[in-house]
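Note sheet for the following structure.
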Amino acid sequence: MPKKIDINFRKTCSCSDSHINCLTAKEWVKGQVAIWELYYKKRDIRDKDIHPAVFPIALPKKCMELFTHKGELVLDPFVGIGTTLVAARDLERNAVGFDLNQEYINFTNKRFTQAQLNFGKNTKQIAICDDAINIPEYLNEGTVSLCVTSPPYANMLNHRRLNKSLRSDLRKNKHYKEVQQYSNNPRDLGTMRLGGYIDALAEIYKGILPLLRPKAHCVININDLWENNHRYPTHSYIIEAMEKVGYELRNIIIWDKRNLVNKVGIFGWPSNYITLSTTFEYILDFWRKP
């Protein structure tokens with residue numbers, strides 16, 4: 001059994017203990033808008049040869065600003081190549097991230113070494129290669145102020161890429177008809193059919209719940225699944241599963257991705273209307289009930 005991680009989880013700012021974050025009233029109002037536009041910037045990594053699905057640093061960064069103070073502890077159960085840890089370093093939050101794929105953990109560590117970041121020097125950001133089901137072995141109960149992640153989207157990537165979201169003359173790029181899966185590990189959520197995926201995700205978050213302090217938030221970024229001409233409302237299945245294991249849904253936020261979509265393919269024309277799911281995603285905000 002691994003030893004508990006030696007990492008600070010108490011706030012280091014001078015904010016009142018009754019405050020949920022370090023934001024001013026003006027900043028708070030901006031955060032209440034339930035439609036977010038997020039942008040990839042120069043430091044973001046979007047190379048699908050490195051990782052097939054990376055959210056922008058801006059997403060976990062905004063969540064940390066809303067739900068944590070400086071010095072507090074952030075958890076990402078599916079950290080990938082470390083985007084959440086980069087955001088935590090920027091904002092002087094401590095953070096721990098887990099991933100099954102050793103290559104992703106290695107890349108994360110290399111990313112931090114090469115960056116030689118000076119800010120956040122009084123905090124720790126740690127990447128660990130292990131199954132998310134084992135997270136309770138590493139952290140003490142009541143220490144995590146925010147859990148934020150974008151988990152693998154069931155077996156969405158377990159198909160040959162046809163690039164139907166792209167205009168037809170752009171579909172045959174280097175990833176056309178390739179399978180860009182995270183790993184072949186049977187414990188990888190990205191290899192599971194939807195029912196098993198929801199059950200496995202719920203079991204992981206059941207173990208994480210006691211690690212959260214009361215009223216700590218848990219944010220999951222997810223997209224619905226479209227497969228075999230059928231839409232599966234993954235976000236609603238996750239809400240139901242999370243409530244069954246003890247979480248309470250607080251907010252549903254829409255990530256408006258229209259600014260990131262261009263040269264799109266035409267779906268269903270002229271006889272079958274299908275909305276372009278790449279234009280938005282769900283950001284589901286739960287908390288541990290007080």
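For region 135-147, check the following and say yes or no: at least one residue is of a type outside the set (Asp, Glu), over 20 Å from the mean Cα position of the chain (by Cα) and modelled with pLDDT of 95 or more.
yes
Considering every residue within region 160-171, establish whether at least one is modelled with pLDDT under 95, among the acidic types (Asp, Glu) and part of a loop (DSSP other than H, G, I, E, B).
no
Let's see how each residue does on (1) touching a Leu at 6+ places or on another chain (Cβ under 7 Å); (2) within 30 Å of Tyr205 (Cβ to Cβ):
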residue	(1), (2)
Lys244	no, yes
Tyr247	yes, yes
Asn251	no, yes
Asp256	no, yes
Asn262	no, no
Phe267	yes, no
Pro270	no, no
Thr279	no, yes
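Kindly indicate whether Ala200 is among the small types (Gly, Ala, Ser) and touching a strand residue (DSSP E or B) at 6+ places or on another chain (Cβ under 6 Å).
no
So is Asn101 out of contact with any Pro (no Cβ under 7 Å at 6 or more places or on another chain) and closer than 29 Å to Asp188 by Cα or not?
It is true that Asn101 is out of contact with any Pro (no Cβ under 7 Å at 6 or more places or on another chain) and closer than 29 Å to Asp188 by Cα.
Select, from Ile252, Ile238, the only residue that is surrounded by fewer than 14 Cβ atoms within 10 Å (Cβ to Cβ) and either modelled with pLDDT of 85 or more or not in a loop (DSSP other than H, G, I, E, B) (or both).
Ile252
Kindly indicate the residue of region 12-51 that is within 19 Å of Ile222 (Cα to Cα), at pLDDT 85 or above and not acidic (Asp, Glu) and also surrounded by the most Cβ atoms within 10 Å (Cβ to Cβ) among those meeting that condition.
Within region 12-51, the match that is surrounded by the most Cβ atoms within 10 Å (Cβ to Cβ) is Leu38.
In region 217-262, which residues are hydrophobic (A, V, I, L, M, F, W, C) and over 24 Å from Val74 (Cβ atoms)?
Leu225, Trp226, Leu260, Val261
Examine region 265-277 for a residue that is in contact (Cβ under 8 Å) with a residue 40 or more places away in the chain and either under 19 Å from Pro151 (Cα atoms) or touching an Asp or Glu at 6+ places or on another chain (Cβ under 7 Å) (or both), and state whether such a residue exists.
yes
Could you tell me whether Thr113 is more than 24 Å from Asn184 (Cβ to Cβ) and polar (S, T, N, Q)?
Spelling it out, Thr113 is indeed more than 24 Å from Asn184 (Cβ to Cβ) and polar (S, T, N, Q).
State which residue pairs qualify: first residue farther than 21 Å from Ser277 by Cβ and inside region 230-259, second residue basic (Lys, Arg) in any location, beta carbons under 6 Å apart, and separation of 6 or more residues or different chains.
Once the first residue is farther than 21 Å from Ser277 by Cβ and sits in region 230-259, its partners that are basic (Lys, Arg) give Val245/Lys206; Glu248/Lys289.
Per-residue answers, yes or no, for (1) surrounded by fewer than 24 Cβ atoms within 10 Å (Cβ to Cβ); (2) part of a loop (DSSP other than H, G, I, E, B); (3) charged (D, E, K, R):
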{"position": "Ala53", "(1), (2), (3)": "yes, yes, no"}
{"position": "Pro56", "(1), (2), (3)": "yes, yes, no"}
{"position": "Glu65", "(1), (2), (3)": "yes, no, yes"}
{"position": "Lys70", "(1), (2), (3)": "yes, yes, yes"}
{"position": "Arg89", "(1), (2), (3)": "yes, no, yes"}
{"position": "Val96", "(1), (2), (3)": "no, no, no"}
{"position": "Ile105", "(1), (2), (3)": "yes, no, no"}
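Find the residue count for region 192-235, including only residues that are out of contact with any helix residue (DSSP H, G or I) (no Cβ under 8 Å at 6 or more places or on another chain), closer than 26 Å to Ser145 by Cβ and either of a type in the set (Phe, Trp, Tyr) or in a strand (DSSP E or B) (or both).
4
The values are calculated or read from the model by the stated rules, or taken from the named source; none is laboratory data. Please read these numbers as outputs of a predicted model, since none were measured by experiment. Cβ: placed from backbone, ideal geometry, glycine included. Neighbour counts: every protein chain shown.
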